[in-house]
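The values are calculated or read from the model by the stated rules, or taken from the named source; none is laboratory data. Just so we're clear, the structure is a prediction, and the values are computed from it rather than from any experiment. Note that each Cβ is placed from the backbone with ideal geometry, even for glycine, and that neighbours are counted across all protein chains shown.
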Amino acid sequence: MITLPKGTKDVLPENSYKWQFVERVARETAKTFNAKEIRTPTFEHTEVFSRGVGETTDIVNKEMYTFLDKGGRSITLKPEGTAGVVRSFVESGLYAGALPLKTYYLTPCFRYERPQAGRLREFHQFGVEFFGADDAGFDAEVILLAKTFLDNLGVKNITLYINSIGCKECRKAYHQALKEYLQANYDDLCDLCKDRFDKNPMRILDCKNENCKKITENAPSILDYLCSDCKAHFEKVKSLLNAAGVEYKIDAKIVRGLDYYVRTVFEFVSENIGAQGTVLGGGRYDGLVEQFGGGKIPGIGFAAGIERLLLLLESAESIEKQDVLTLFVAPMGDEARAKAFEIVSAIRKKGIIADTDYMNRGIKAQFKYADKLGAKYVAVIGSDELSRGIVKLKNMTSGEEKEVCADELSEHLK
Ligand code: HAM
């Protein structure tokens, strides 16, 4: 038997309705915020991510699916959605059009990580990228969209953590203070953090290694190093969230694993799905569009992992039930079979879910099959029913049976 590659999953027919539910809620929520869908390719030139996501990140250093195509170009399967959207925003000239521009996407992503519950090598994101405004209202709007999405899904017990990681200017002073603090314990840092020490010391703050966590416990806080503009921006974001009734906690250790962030960063974290509890993460990336050659256009967005959301929803049992089969037409004999085909065709035109037998099964076996499918009604047609232009309609929940005119069948299905 050929099996799935490690870190990938099938979505089987009995579960796909859960995905459709999350996707539908994502689209509907984005729509109410006036965001439009953007679709970018599943693979890009590697440079899009190495430049966009950042050379010092785990994603670029260790996790990308990168290969040379037959033309010798370095290609990478998208490890996240933002960089490709920014590439497209610049390449297709959207940055020169009406701003702000609000986009959203649903996309597969690929990261070569160690698989565990909630961590896959192919996973899926619902994300939004908003371009054009540096006002704190834009930050609050994006966070509110994330919160509304989670509320619309019925997600409970989830905490929003926010932080500001400042701009390049505030970070200079902060990096120095952080390095001075960490210097004393440099030898006890994990190898990865030793590497981060010079390249990107802030990332040491969200290392999962217990030793590193202990070392950074009393580290200086970025919030004490914000310049006056960044401070005022963060204050405004907080007051807008307060005014909108969005509850949050401030966590100065949230730095996010991607290099493009400035100022506001945020995560929605659940305690109920194990170690991989960050369901949704995002932040502001004001320099990214410029980095791709599109001018000084600010941006902010987030992405939620659909697999992690589904883990949460399964424990909350709040997913809408699958579309149910309303009518199963059970014919007896060839002539009745032709009539059954005609009936299901007519019924489906009314938007009703209908099915019939294609296995030449006997009537008992057809009932058994219809029951397994969860059919609400079964319509039986034998030679007698055929000659009288009727069907025998059975309500599978109540067991009630009645004779119904074949042409009026749809009126009897509730
Ligand atoms: P991220 O935090 O790397 O951010 O990923 C966002 C979400 O994708 C995570 O919170 C998680 O739910 C899901 N996720 C990430 N890696 C995996 C994995 N290996 N398996 C399953 N789920 C995973 C970004 O990707 C940014 N592009 C978000 C963003 C958009 N920031 C601004 N705009």
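For the stretch 108-150, which positions are among the hydroxyl-bearing types (S, T, Y) and either more than 30 Å from K6 (Cα to Cα) or in contact with a Pro (Cβ under 6 Å, 6 or more places away or on another chain) (or both)?
Let us first name the residues in the stretch 108-150 that are among the hydroxyl-bearing types (S, T, Y), namely 112, 148.
Selection gives T148 alone.
For (1) free of Cβ contacts under 8 Å to residues at least 12 places away in the same chain; (2) in a strand (DSSP E or B), each residue gets a yes or a no:
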{"residue": "R87", "(1), (2)": "no, no"}
{"residue": "Y95", "(1), (2)": "no, no"}
{"residue": "A98", "(1), (2)": "yes, no"}
{"residue": "P108", "(1), (2)": "no, yes"}
{"residue": "A133", "(1), (2)": "no, no"}
{"residue": "D139", "(1), (2)": "no, no"}
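Does G93 satisfy being more than 12 Å from the ligand (Cβ to nearest atom) and not charged (D, E, K, R)?
On the way: more than 12 Å from the ligand (Cβ to nearest atom): yes; not charged (D, E, K, R): yes.
Answer is yes for this residue.
Which one is nearest to Q125 (Cα to Cα), of the residues in the stretch 68-110 that are basic (K, R) and crowded, with 19+ Cβ neighbours inside 10 Å?
Checked the stretch 68-110; the qualifying residue nearest to Q125 (Cα to Cα) is K78.
Name the single residue, out of those in the stretch 362-376 being out of contact with any strand residue (DSSP E or B) (no Cβ under 7 Å at 6 or more places or on another chain) and surrounded by fewer than 15 Cβ atoms within 10 Å (Cβ to Cβ), that is farthest from N395 (Cα to Cα).
G362
Filter the stretch 377-414 down to the residues that are in contact (Cβ under 8 Å) with a residue 24 or more places away in the chain, surrounded by fewer than 19 Cβ atoms within 10 Å (Cβ to Cβ) and of a type in the set (S, T, Y), then identify the one that is nearest to A346 (Cα to Cα).
S410
Going by the conditions given, is G127 under 22 Å from A30 (Cα atoms) and modelled with pLDDT under 95?
Spelling it out, it is not the case that G127 is under 22 Å from A30 (Cα atoms) and modelled with pLDDT under 95.
For the stretch 334-351, enumerate the residues that are more than 13 Å from D407 (Cα to Cα) and over 40 Å from the mean Cα position of the chain (by Cα).
If the condition is that a residue be more than 13 Å from D407 (Cα to Cα) and over 40 Å from the mean Cα position of the chain (by Cα), then D334, E335, A336, R337, A338 are the ones that fit.
For the stretch 143-177: of the residues being assigned to a helix (DSSP H, G or I) and of a type in the set (D, E, K, R), which is nearest to K249 (Cα to Cα)?
Within the stretch 143-177, the match that is nearest to K249 (Cα to Cα) is K147.
Suppose we filter R284, R256 for residues that are touching a residue at least 24 places away in the same chain (Cβ under 8 Å), more than 7 Å from the ligand (Cβ to nearest atom) and either closer than 17 Å to A146 by Cα or touching a His at 6+ places or on another chain (Cβ under 9 Å) (or both); which single one remains?
R284
Limited to the stretch 115-127, what total is found for residues that are of a type outside the set (D, E, K, R), at negative phi and within 7 Å of the ligand (Cβ to nearest atom)?
4
Is it the case that G281 is under 32 Å from the mean Cα position of the chain (by Cα) and modelled with pLDDT under 95?
Taking the combined requirement at face value, the residue does not satisfy it.
Might you check whether a residue that is within 9 Å of the ligand (Cβ to nearest atom), closer than 26 Å to S164 by Cα, surrounded by fewer than 18 Cβ atoms within 10 Å (Cβ to Cβ) and over 16 Å from the mean Cα position of the chain (by Cα) occurs anywhere in the stretch 287-308?
Scanning the stretch 287-308 turns up no residue that is within 9 Å of the ligand (Cβ to nearest atom), closer than 26 Å to S164 by Cα, surrounded by fewer than 18 Cβ atoms within 10 Å (Cβ to Cβ) and over 16 Å from the mean Cα position of the chain (by Cα).
Inspect the stretch 229-247 for any residue being within 16 Å of the ligand (Cβ to nearest atom) and at pLDDT 95 or above and give the result as yes or no. Before you say what the answer is, go through the steps one by one.
Filtering the stretch 229-247 down to residues within 16 Å of the ligand (Cβ to nearest atom) leaves 237.
Filter again for at pLDDT 95 or above, leaving 237.
Within the stretch 229-247 (the criterion being within 16 Å of the ligand (Cβ to nearest atom) and at pLDDT 95 or above), the answer is yes, since at least one residue qualifies.
In this structure, does G127 turn out to be crowded, with 22+ Cβ neighbours inside 10 Å and not basic (K, R)?
Here the answer is yes, as G127 does meet what is asked.
Kindly list the number of the only condition in (1) closer than 19 Å to E55 by Cβ; (2) without any contact (Cβ under 8 Å) to a residue 12 or more places away in the chain that fails for Q183.
(1)
For the stretch 45-101, enumerate the residues that are charged (D, E, K, R) and closer than 20 Å to G282 by Cα.
R51, E55, D58, E63, K78, E80, R87
Out of all the residues in the stretch 292-321, which are part of a loop (DSSP other than H, G, I, E, B) and more than 30 Å from A354 (Cβ to Cβ)?
F292, G293, G294, G295, K296, I297, P298, listed by residue number.
Answer yes or no: is there a residue in the stretch 48-69 that is of a type in the set (D, E, K, R) and touching a strand residue (DSSP E or B) at 6+ places or on another chain (Cβ under 6 Å).
Yes: the stretch 48-69 contains one or more residues that are of a type in the set (D, E, K, R) and touching a strand residue (DSSP E or B) at 6+ places or on another chain (Cβ under 6 Å).
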